[in-house]
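The values are calculated or read from the model by the stated rules, or taken from the named source; none is laboratory data. Note that the structure is a prediction, hence the values are computed from the model and not measured. A quick note on method: Cβ atoms are made from the backbone with ideal geometry, for glycine too, and the neighbour counts reach across all protein chains shown. These area figures cover heavy atoms from the full protein model, side chains too; ligands, DNA and RNA do not enter into them. Shrake-Rupley method; radii C 1.70, N 1.55, O 1.52, S 1.80 Å.
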Amino acid sequence: MPLGQRAGDKSDSRYCGVEVLDFPAGEGLPAVLNHSLASSFDFILAPLVDPNYRPTPGAVLPVSASDLVLGPAQWSNHVVGKISEWIDLDAEDEQLRLDSELTLKQEIAWASHLSLQACVLPAPRRSSCGNYARVVNQILQGLTNMHLWLRLPLEKSEPMDDDLDKLQNEMVDSWELWNSFRLLCDHSSQLCVALDISSTLPSINSLGRWFGEPVRAAILQTNAFLTNGRGYPCLSKRHQKLLTGFFNHSVQVILSGRSNHNVPPVSGGVLLGDENHTEDASVRHALSPYLEYTAYLYRRMDPLPEQERFEINYRDFLQSPLQPLMDNLEAQTYETFEKDVVKYTQYQRAVAKALVDRVPDDAVSTTRTVLMVVGAGRGPLVRASLQAAEETGRKLKVYAVEKNPNAVITLHSLIKLEGWESLVTVISSDMRCWDAPEKADILVSELLGSFGDNELSPECLDGAQRFLKPDGISIPSSYTSFIQPITASKLHNDIKAHKDIAHFETAYVVKLHRIATLAPPQQVFTFTHPDFSPNASNQRYTKLQFEMPPDMGSCLVHGFAGYFDSVLYKDVHLGIEPNTATPNMFSWFPIFFPLRKPIYVPDRSPIEVHFWRCCAPTKVWYEWAVTAPTPTPIHNSNGRSYWVGL
């Protein structure tokens, strides 16, 4: 039974499992499973083979239950296999090593036969796990649907500065173990993580790294729980926050350990708020109090905001950026962007402030402001500008310039429908080619992309500013791009599946979700409009250095998340840079610049990255490269894989 109902959340984190610690001898697995399901657990993590088994010639694998005692759906939906913990593939004892390899392959083969969705691999016994990884990698090559979850303790030692040199070789960081294992298995998309959570936790920055990794389960030990004033189990604030983060990232909780709390059942049903749900005390599961508390933590989370529900299907889904100059947008694309009320409210505020500054109160009746909307689309900025004029009592003459002939048809229909014929003139032309009959006081555009300039706003506005008065106002007046390094295993694997370099040299628009941000964003390129300087160039180059938090530990950089922030006019801004993002706006997702080969960044080492914006007569493109801690190739040289057409 799910932990609860949370509006908008249909992820796997609703389901909670329990680890079976003792081998269910005599085909006792069905009884254990039925007891767990009756106690409102959704699945069990159970051993598949007797832990005392060692391979001998002719021996039959002593499984916990045959495939006849449980139906296929029960195996697939309610059992996660636990591989024998004695297995040690990097042991110095050769016989143990060979027995381990044979047993691991036998157990995985049996799990595949049962159509299990996942198996939990025991944690590596030592930091050097090359042979373990080799055997697992071999197995992964033959798997189709099943995933392997590598079990790891969630730990990282935190030495004092005085002890740093002395303990450098003795420091424990389970992320390092995971990273070595995952690299040896070449970032297999079927290799995931199950983290053992005990009573102590690493620093917040250290924990943050895991949100960019393929963590599928949090195995919550009963010794991680405290006791509240009524004698019931509870978690520390830090554990609560971590669990909430896992819930938000589709990580399932598995309860494990012996009960440390002997408490009576809570009154009424806790799961799903089912008041009719009662549990017979004689068969009450020993870990039911821990499940009830976990359900309480899940149910008290805020519902997903409406915007998040709208965007949930776009999470970590790679999309190619729009090419609005080369391509004509479709009606559905226009309609989606036009629904962004917040964006057009900000534009209306900016136009209103510009009109008030442009026309003093004593000249309102005699002055008509010329406003040009360049890239008018189907007219949302025309509407926002006219509403700003009505709000401020200013007179307005509007030119709506649009190159898409299909959108121009819609514009004419809109103007006729609204009765704006005397106020708005529609121009069917590319703004860079149009000869305006008069100069504009205000130039309004919405040509911004996720990276600010990546939809060629600078080139378009350079072409349009020739019909702006010398003291004219451009809305937006400036915009700045930002980047930050991120861990994004899922995005890396999705790009790797294409098996070519070109996809690693393409920037993608993506609703980032399963990522870890490794350092605060920094500014990349800034453009200001109008720019009447004679030698103005839209080519740019910048070098940035990112410092990792000192308590984070090592990390793996899969690429860079990109954002923008724009000043529309004076104090009216618009943007998606996380620290200053405009709330409740959905027109832009971040942009992602991948790295062909992820960069390992040692503890306390900086990242140095170079970004170029390059221009040619027919296209604009970005190039990027990392030079520290280790150099990468320059990505997208000469725009060979990704460019924006002029």
> In straight Cα distance, which lysines are under 20 Å from K496, not counting same-chain residues fewer than 8 positions off?
Replying inline: K511, K597
> What's the FRET efficiency of R309 with V341 using the Cβ-Cβ distance as r and R₀ = 22 Å, to the nearest 0.05?
Replying inline: 0.85
> How far, in degrees from 0 to 90, does helix 288-299 lean away from the longest principal axis of the Cα atoms of the chain, to the nearest 10?
Replying inline: 0
> For the chain, what is the relative contact order in percent, using Cα pairs closer than 8 Å and at least 6 residues apart in sequence?
Replying inline: 11
> Can you pull out the GluC sites (Glu not before Pro) in region 320-406 that DSSP calls coil and that have at most 13 other Cβ atoms within 10 Å?
Replying inline: E330
> Under the Karplus relation 6.51 cos²θ - 1.76 cosθ + 1.60, θ = phi - 60°, what is the ordered set of whole-Hz ³J(HN,Hα) values for region 514-530, x standing for Gly and Pro?
Replying inline: 7, 9, 10, 7, 9, 7, x, x, 10, 5, 10, 10, 10, 10, 10, 9, x
> How do V601, V69, V341 rank by accessible surface area computed with a 1.4 Å probe, from largest to smallest?
Replying inline: V341, V69, V601
>> Compute the distance from the alpha-carbon center of region 453-500 to that of region 357-388, in whole Å.
In response: 26
> Taking R0 as 25 Å, what's the FRET efficiency between E391 and N248 from their Cβ-Cβ distance, rounded to 0.05?
Replying inline: 0.05
> In what sequence, highest mean first, do 541-549, 213-221 appear when ranked by Cβ atoms within 10 angstrom?
Replying inline: 213-221, 541-549
>> Could you tell me which residue out of P633, P602, L544 lies farthest along the dipole of region 478-645 toward its positive end? Charges go on the beta carbon: Lys and Arg +1, Asp and Glu -1, centred on the Cα centre.
In response: P633
>> Treating only the Cβ of Lys, Arg, Asp and Glu as charged (+1, +1, -1, -1), what charge dipole size does the chain show about its Cα centre? Round to the nearest 20 debye.
In response: 1020
> Assigning unit charges at the beta carbon (Lys, Arg +1; Asp, Glu -1) and nothing else, what dipole magnitude in debye, to the nearest 20, does region 56-163 show about its Cα centre?
Replying inline: 640
> Is it possible to state the helix-based mean residue ellipticity at 222 nm for the chain, with each DSSP H run of 4+ residues giving -39500 (n - 2.57), the sum divided by total residues, to the nearest 500 deg cm²/dmol? What is it?
Replying inline: -8000 deg cm²/dmol
> Near the amide H of Y399, under 5 Å away, which other amide H atoms are found, from residues 5 or more places off or on another chain, if H is placed in the peptide plane?
Replying inline: L371, M372, V373, T425
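Can you order the peptides 623-630, 290-297 by their average number of other Cβ atoms within 10 Å per residue, highest first?
290-297, 623-630
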> Within the chain, what percent of beta bridges assigned by DSSP are antiparallel, to the nearest 5?
Replying inline: 50
>> Sorting check: for 579-591, 301-313, which peptide has the highest mean count of neighbouring beta carbons within 10 Å, and how do the rest follow?
In response: 579-591, 301-313
>> Among L411, S365, L423, whose Cα projects farthest towards the positive end of the dipole of region 331-475, with charges put on the beta-carbon of Lys, Arg (+1) and Asp, Glu (-1)?
In response: S365
>> If amide hydrogens are placed 1.01 Å from N in the peptide plane, which non-local residues have theirs closer than 5 Å to the one on D9?
In response: L304
> Along the charge dipole of the chain, which of G212, P380, F527 sits closest to the positive end, that is, farthest toward it, with unit charges on the beta carbon of Lys, Arg, Asp and Glu (+1, +1, -1, -1)?
Replying inline: P380
> Rounded, prolate or oblate: which fits region 331-475 when a ≥ b ≥ c are the square roots of the eigenvalues of the alpha-carbon gyration tensor, with rounded for a/c under 1.5 and prolate only if a/b beats b/c?
Replying inline: rounded
> Under a 5 Å amide H to amide H cut-off, with H placed in plane at 1.01 Å, what residues pair with L568 once short-range neighbours are removed?
Replying inline: S477, H573, L574
> What nm distance separates the two modelled labels at K105 and V356, each placed 7 Å from Cα along Cα→Cβ?
Replying inline: 7.7
> Hey, what do the phi angles of region 496-510 turn into as Karplus ³J(HN,Hα) couplings, whole Hz, using 6.51/-1.76/1.60 and θ = phi - 60°, x for Gly and Pro?
Replying inline: 4, 4, 6, 6, 8, 6, 4, 6, 7, 10, 10, 8, 10, 8, 8
> For region 490-605, what is the charge dipole size about the Cα centre, in debye to the nearest 20, if Lys and Arg each add +1 at the Cβ and Asp and Glu each add -1 at the Cβ?
Replying inline: 380
> Mind checking which lysines have their C-alpha under 28 Å from K237, skipping anything on the same chain fewer than 8 residues away?
Replying inline: K10, K156
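Share of Cα-Cα pairs in the chain beyond 47 Å, in percent?
Result for the distance tail: 31 percent.
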> lysines within cross-link reach of K395: Cα-Cα under 21 Å, excluding same-chain residues under 8 positions apart?
Replying inline: K353, K416, K439, K469
> Just the accessible area per residue of region 478-645, please: how many Å² with a 1.4 Å probe?
Replying inline: 39
>> Could you derive backbone 3J(HN,Hα) for region 461-471 from the dihedral phi with the Karplus parameters 6.51, -1.76 and 1.60 (θ = phi - 60°), listing whole Hz in sequence and x where the residue is Gly or Pro?
In response: 6, 4, x, 8, 6, 5, 9, 9, 4, x, 9
>> Could you work out how much longer the chain between D22 and T366 gets when fully extended? Use 0.36 nm per residue separation minus the Cα distance between them, nm to one decimal.
In response: 115.0 nm
>> Could you check the spin-label model distance between T425 and I501? Points 7 Å from the Cα along Cα→Cβ, value in nm.
In response: 5.2
